[in-house]
């Protein structure tokens, strides 16, 4: 098949008109994947079993539990989550909306079971009242100014 210059230009325009949208869609999918990965740090919160998430914090509203939890946080958690719980080199912000809006039972479950593949240790050997104190402290912080990490 012999093609003249005009036919070649039309064919080239047709190929480009099909290729550009495909490349654009690929870039959009890449951006969506990046956003999904960035927020996946909080995906573990959704994995708490309903029964665990429904647990009530027996120390909720106890100012002594907040203070004790703050001491425990400094001892066990600040190294990864930062002094003010707004995230550190290893751990995400605990002041993020995702964390602050989670039920206390969910946070207790995460603390108890850890997120080992992300470097969060299992704290099940910490006595249950101390884990609830940490949950009470974290919930007392409220959302932070900095975006989640």
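State, to one decimal in nm, how far the label point of residue 46 lies from the label point of residue 128, with both points 7 Å from Cα in the Cβ direction.
With each label point 7 Å from Cα toward Cβ, the separation is 3.0 nm.
Between residue 101 and residue 79, what is the label-point separation in nm under the 7 Å Cα-to-beta-carbon projection?
So the label points at residue 79 and residue 101 sit 3.3 nm apart.
Where a number appears in this text, it was derived from the coordinates with a stated rule and is not lab data. All values derive from a computational prediction rather than experimental measurement. Please note: Cβ atoms are built from the backbone with ideal geometry, for glycine as well, and neighbour counts cover all protein chains shown.
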